Every structure is written in C-alpha cells, then in structure tokens.
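J.: Input: one structure, supplied below.
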Amino acid sequence: MAPRVQFYHNTADRLVLTRELVANALGRERKVAVRCTDAAHLRRLDQFLWTSEPLAFIPHVAAESALASETPVVLAAADAPYAWPHADMLFNLADDLPAEAEGFRMLVEIVGTDAAEVHAARLRWREYRQRGYDIKVFDAERRAAL
C-alpha cells in the first residue's frame, strides 16, 4: 500500500515545527523516523529535541543506536543508509526523495520559506503524485489545509 504524504509549507523554523509534529505523533502513540539532511543537521535536531521544552521529553536516538528498536523516535542522516527499526511515520527533512518512502505508512515533508527548499519540495511533490500517493498539503503558519 502506498504511503500517505503530508506537506507542511511556509514554516519559519523547520526544527520547531518538526518538534511539534513529532510530539503530536508521540501523543497518538505513533513511531517516528526523522531523515535529516546530513550529520550536522541531525546533531542540531538532536540538541533541539533535548533542550527546547524542559518539561516535554521526546525520547529519541540515532538510528545506529542499540536502543533504536525500543525508542519511538529515531534520527538518521540522509547521506548515511540505515535500516529503520519501524515503518510507521517518516519525517523527511532532506531535499531529496527518500528511497525508503514505500516502506512507511506516512511521510511528512516540512518545507521552510527558502527558495531552494521550496523548489526541492515541489520536485518531491511531483514525484509522489506520479507514484499515486495520497497527498495532503498544509500551510504551517496559518494552520490550514491548502
């Protein structure tokens, strides 16, 4: 079965929105994989998840961790292939199409306002549409479906 795709456009801060959506997913007992652009981006997200909300802990580990299969949020860089320990939700923060997209129930794409990010997101959207995926689009700032 093809995954569902949700695009969140027009966010001023991709890390803030990622944290919010991941926390919401955890509240619904979902398992989340987050595909970062590279190792540096992964470190920024990891640090942000630890420090952004003192009373709202988001349990997470890197995909190569021995605890990955037991942890609801797993992080990996797009330039390093890992076998994800679950196939529920994949948050794609990278600019390319995830090769493992077919293996997940849901894909979440978070797009900022940078022209290069928007262009890359449009290319991914076209590819998802060509594959026949069910796509929903949201304006992240207005909190409205488009």
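J.: If you check Ala56, Ala68, which single one turns out to be on the phi < 0 side of the Ramachandran plot and crowded, with 16+ Cβ neighbours inside 10 Å?
T.: Going through Ala56, Ala68 in turn, just one is on the phi < 0 side of the Ramachandran plot and crowded, with 16+ Cβ neighbours inside 10 Å: Ala68.
J.: Scanning region 36-72 for residues that are small (Gly, Ala, Ser) and part of a loop (DSSP other than H, G, I, E, B), which turns out farthest from Asp13 (Cα to Cα)?
T.: If we take residues in region 36-72 being small (Gly, Ala, Ser) and part of a loop (DSSP other than H, G, I, E, B), then Ala66 is farthest from Asp13 (Cα to Cα).
J.: Farther than 25 Å from Ala144 by Cα, assigned to a strand (DSSP E or B) and touching a helix residue (DSSP H, G or I) at 6+ places or on another chain (Cβ under 8 Å): does that describe Leu75?
T.: yes
J.: What about Arg44, is it within 27 Å of Gly132 (Cβ to Cβ) and at pLDDT 90 or above?
T.: No, not satisfied.
J.: Could you please give the count of residues in region 61-78 that are under 13 Å from the mean Cα position of the chain (by Cα) and more than 19 Å from Ala101 (Cβ to Cβ)?
T.: Total meeting the criteria: 0.
J.: So which residues in region 109-144 are in a strand (DSSP E or B) and aliphatic (A, V, I, L, M), if there are any at all?
T.: Ile110, Ile135, Val137, Ala144
J.: A follow-up question, please. Check whether at least one residue in region 74-91 is of a type in the set (D, E, K, R), in contact (Cβ under 8 Å) with a residue 12 or more places away in the chain, in contact with a Phe, Trp or Tyr (Cβ under 9 Å, 6 or more places away or on another chain) and surrounded by 15 or more Cβ atoms within 10 Å (Cβ to Cβ), and report yes or no.
T.: Checked region 74-91: at least one residue is of a type in the set (D, E, K, R), in contact (Cβ under 8 Å) with a residue 12 or more places away in the chain, in contact with a Phe, Trp or Tyr (Cβ under 9 Å, 6 or more places away or on another chain) and surrounded by 15 or more Cβ atoms within 10 Å (Cβ to Cβ).
The values are calculated or read from the model by the stated rules, or taken from the named source; none is laboratory data. Worth saying up front: this structure is predicted, and the values here are computed from it rather than measured. Neighbour counts are summed over all protein chains in view; Cβ atoms, including those assigned to glycine, are modelled from backbone coordinates with ideal geometry.
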